[in-house]
Amino acid sequence: MTTPACSFCGKPQAEALRLVAGPQAFICDECAMLAVQMISIQHPTWRERLMRTLALLPDRPREKS
């Protein structure tokens, strides 16, 4: 089984503070924050909501059993 890694920057799970799993992709905490910053530039009022959502994400993807 391959080690999960960020689908955007390639950082492996062991090097990420958080790695969030999607249906067919992963995103690390740094890429997620970059996405929040990019969206916030275009939509400043969304920043607070996006930051609250990121805080609720799990720390690591669950291992498949």
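Nothing in this text is a laboratory measurement; each read-out follows from the coordinates by a stated rule. These numbers were taken from a predicted model, which means no experiment stands behind them. Please note: Cβ atoms are built from the backbone with ideal geometry, for glycine as well, and neighbour counts cover all protein chains shown.
Evaluated over the Cα positions of the chain, the convex hull gives a direction-averaged projected area, one quarter of its surface, of 4.8 nm². The calculated FRET efficiency for Arg52 paired with Met1, based on their beta-carbon distance and R0 = 25 Å, is about 0.15.
Based on Cα contacts under 8 Å between residues 6+ apart, the chain shows a relative contact order of 28 percent.
3J(HN,Hα) couplings calculated from phi for region 15-26 with the Karplus curve 6.51 cos²θ - 1.76 cosθ + 1.60 (θ = phi - 60°) are, in sequence order, 9, 9, 5, 9, 9, 9, 8, x, x, 9, 7, 10 Hz; Gly and Pro show x. Between the exposed loop cleavage positions of the chain, defined as trypsin sites (Lys or Arg not before Pro) in a non-H, G, I, E, B DSSP state with at most 14 neighbouring beta-carbon atoms within 10 angstrom, the longest gap is 1-61. Under 5 Å from the amide H of Ser7 lie the amide H atoms of Phe26, Ile27, Cys28, each residue being 5 or more positions distant or on a separate chain, with H modelled from the backbone and absent for Pro and chain starts.
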